[in-house]
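Down below is the structure, laid out as C-alpha cells.
Only the coordinates and a few stated rules stand behind these numbers; no lab work does. This one's a predicted model, so the numbers in the text were calculated from it and none came from an experiment. With ideal geometry, Cβ positions are generated from the backbone for all residues, glycine too; neighbour counts draw on all protein chains shown.
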Amino acid sequence: MSSEQTRKSIETIIAEHCLVASTEDGIAILCPSDDIFLTLYISHQDILASQYVGNGRMTVTIATEERKFSFSPADVTKKRKKSSTMLPTNSLIKVISDQELAQEVLSSPVPAGIVRMRDSKVLFTNSLIEQTSACKPNDITGLRTEDLWFPDELSKYNRALLTDVELRNYSYKSRLFNGQAAMFKADVRLVEYRDDLCRLFHTHSCEKISF
C-alpha cells in the first residue's frame with residue numbers, strides 16, 4: 001500500500017467511525033473501539049500529525065472510553081513513549097512481510113492465519129483453517145469475523161492483546177461460519193502487516209459446545 005493509499009484509508013476510518021474534536025492544545029480523535037484505536041496508535045502517527053496539526057506546539061490525542069495516547073509532531077521522529085494506560089510499544093509489535101507471513105502460516109501444523117484488527121477481515125490462512133471455521137480457505141479470505149463472536153468476547157480478546165501483545169494458549173468462545181458454537185484455544189500475537197495492525201493466530205483446539 002502506497003503512502004497516499006494509507007493516508008486515504010486512515011481518513012476513511014476516521015470519517016466513518018471516529019469523532020474528531022478540538023481541545024485546548026490540539027485535536028482529539030475519539031475511537032469507538034480498541035480495534036480502531038490500535039490501528040491509529042501503532043502505525044499512523046505521522047499521518048495524523050501531518051493531517052491535523054498545524055504547528056509543533058499542538059497535540060494529537062487518540063482515545064476510547066478506557067484509554068488514551070497523546071503525541072506531538074516532534075514525538076513522531078522519536079521513540080514512542082508508553083502511556084499511563086500501559087499501551088504496547090512499537091518495539092514489541094513486529095512488522096511481518098508477505099514472505100514471512102506465508103512461511104509461518106503455511107508451515108504451521110495447526111489452523112493458522114492473519115486477521116486485520118480494524119475490521120476483523122481475514123487476510124490469509126492455511127489449508128487447515130476449515131477445521132476451525134467450517135469454511136474453505138479460498139472462501140474465508142476477505143470475510144469479516146466480528147459477527148461470529150459472542151458479546152464481550154471480542155472486546156476481552158482485544159484488550160488482552162492490547163496489554164500483552166502476545167497470548168499463549170488463550171481460550172475464548174466464538175462461532176464457526178456455519179453457526180456452531182465452540183471453545184477455541186490459540187496462540188495469537190499482534191503484528192504490523194502491509195501498514196495495518198493485525199492479529200496472527202495459530203489455533204490448537206476447537207471444541208464444539210451447545211447451550
**Q.** Spin-label pair residue 147/residue 58, simplified geometry with 7 Å Cα→Cβ offset, distance in nm
**A.** 3.9 nm
**Q.** Gain on full stretching of the segment that runs from residue 180 to residue 159 - 0.36 nm per residue minus C-alpha separation
**A.** 5.1 nm
